[in-house]
């Protein structure tokens, strides 16, 4: 497995001024940007990197150098930061250096396209006598693909660090996971956040997003809401550990309660979300998520827990109660198919992913609609591994074939915003936050079988 940790540069002068940066190199790190870069270095200091790549633009390069200095203080780092032009930020030649407010005023149609259909944004760029049509987002995706093709073959089985920008980081994550360019704005990258990707091989082989946009090392519980946010935020949590998770026994719809570690994980999640305003809460009808939700809600006493049957775990049918090796003996080859082509597997006397998709997405949409109708801002949703992974595919416009692209640790928190209600795409603000469970930036939970 090749582990890739992706960091966005620290806060820059253009960030604070709300200017479009693009490929301009006029922007420098602020004092906060330098301080946060140092915090990232400390958060990553127990990881040995074989290589560190950064964009050549100074705001990213300075972030990488600060991180390297922290790493070198704590571990024997052999990797010195090297720059790659394939990590340059998105090229927005007509906008860079302008205030966002000016762009909205001067280019209203283009700005709307950028927000609603970013893959269609085009800029006519004059180069001497030549005028070329430039599609910034599509060009960025191609640049990201080229970076992956170069780097993954060079670092098989190693751990590497990438320090880039908001746009290129989104394109790197999207091209790895199969997220289409029209969903460019559907994943968030805060300054100095940490995201983790695990590759089994090259770009065409399976990849897992272990976590997205972690900001807890900066003292932020959750990424902040966007200024124009007038929709709803959902905190999607996977239930705490059960004894069967630990044994890698398939649970499905057998109602296994939390074990002691699972109850501790729920308590840690409760502490983590204690200061977050929660207006409503929904759980699967099953014991393990229900108990997890009740523990979290001890600090939110005015909130009633609603149960939704559509959020229950996948029915594994005849696999339920069995260990992986038992399933392999009784249903030869089926476990491998479940791991590789999950959407094509029909669980014997159980469900397939399409059935899980239909009921869980219907439940999810009804939760969002009800919250918007009542003008509720933030909700807790506690469910299961397969349910959550299906919902993450739905949120990012993926099919259930990409089911394994997402990791969901026991007690982990993911953050999904609907800034424009149901009229715009949802935004995955953060995914699989497990820092409150004591493993640092890496997920150390026994994610276990489903």
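The values are calculated or read from the model by the stated rules, or taken from the named source; none is laboratory data. Small disclaimer: the values here were computed from a predicted structure and weren't measured. So basically every Cβ, Gly included, is an ideal-geometry build from the backbone, and we count neighbours across all protein chains shown.
Reported count of residues in the stretch 174-183, each being buried (at least 20 other Cβ atoms within 10 Å of the Cβ) and more than 17 Å from residue 148 (Cβ to Cβ), is 1. Just one of the listed residues (79, 72) is assigned by TED's automatic domain parsing to the domain that holds residue 17, more than 24 Å from the chain's Cα centre (by Cα) and surrounded by fewer than 17 Cβ atoms within 10 Å (Cβ to Cβ), and it is 72. Residues of the stretch 227-249 that are in contact with a strand residue (DSSP E or B) (Cβ under 6 Å, 6 or more places away or on another chain), at pLDDT below 95 and under 22 Å from residue 367 (Cβ atoms): 231 alone.
Rundown of residues vs (1) under 21 Å from the mean Cα position of the chain (by Cα); (2) at pLDDT 95 or above; (3) in a strand (DSSP E or B), yes/no style:
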residue: 4; (1), (2), (3): yes, yes, yes
residue: 10; (1), (2), (3): yes, yes, no
residue: 14; (1), (2), (3): no, yes, no
residue: 32; (1), (2), (3): no, yes, no
residue: 35; (1), (2), (3): no, yes, no
residue: 38; (1), (2), (3): no, yes, no
residue: 48; (1), (2), (3): no, no, no
residue: 61; (1), (2), (3): no, yes, no
residue: 67; (1), (2), (3): no, yes, no
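The number of residues in the stretch 195-226 that are at pLDDT 95 or above, part of a loop (DSSP other than H, G, I, E, B) and in contact with a helix residue (DSSP H, G or I) (Cβ under 7 Å, 6 or more places away or on another chain) comes to 0. Among the residues of the stretch 302-311, at least one is modelled with pLDDT under 95 and in the same structural domain as residue 347 (by TED's automatic domain parsing). In the condition set (1) closer than 15 Å to residue 96 by Cβ; (2) in contact with a helix residue (DSSP H, G or I) (Cβ under 9 Å, 6 or more places away or on another chain), residue 23 is compliant with all but (2). Inside the stretch 229-267, residues that are within 14 Å of residue 382 (Cβ to Cβ) and under 20 Å from the mean Cα position of the chain (by Cα) make up a count of 7. A single member of 436, 394 is farther than 19 Å from residue 3 by Cβ, in contact with a strand residue (DSSP E or B) (Cβ under 9 Å, 6 or more places away or on another chain) and part of a helix (DSSP H, G or I), and it is 436. Residue pairs, Cβ under 6 Å, 6 or more apart or interchain, first in the stretch 247-258 and more than 8 Å from residue 321 (Cβ to Cβ), second part of a loop (DSSP other than H, G, I, E, B) and at pLDDT below 95. List them. Taking only residues 6 or more apart or on different chains, the pairs are 248/448; 248/449.
Here's a check for you: in the stretch 274-293, which residue that is under 16 Å from residue 238 (Cβ atoms) and out of contact with any strand residue (DSSP E or B) (no Cβ under 7 Å at 6 or more places or on another chain) is surrounded by the most Cβ atoms within 10 Å (Cβ to Cβ)? Selected residue: 286. Part of a loop (DSSP other than H, G, I, E, B) and either modelled with pLDDT under 95 or not assigned by TED's automatic domain parsing to the domain that holds residue 193 (or both), is that true of residue 297? Criteria not met by residue 297. Being over 30 Å from residue 45 (Cβ atoms), in a loop (DSSP other than H, G, I, E, B) and without any contact (Cβ under 8 Å) to a residue 60 or more places away in the chain is a condition met by at least one residue of the stretch 375-389. Residues that are assigned by TED's automatic domain parsing to the domain that holds residue 285, under 30 Å from residue 319 (Cα atoms) and part of a helix (DSSP H, G or I) occur at least once in the stretch 227-244.
Of all the listed residues (146, 115), the sole one being outside the structural domain of residue 44 (by TED's automatic domain parsing), in contact with a helix residue (DSSP H, G or I) (Cβ under 8 Å, 6 or more places away or on another chain) and assigned to a helix (DSSP H, G or I) is 115.
Just wondering, is there one or more residues in the stretch 161-169 that are part of a loop (DSSP other than H, G, I, E, B) and not assigned by TED's automatic domain parsing to the domain that holds residue 370? The answer is yes; a qualifying residue exists.
Here the condition is being modelled with pLDDT of 95 or more and over 20 Å from residue 253 (Cα atoms); of 362, 370, it holds for 370 alone.
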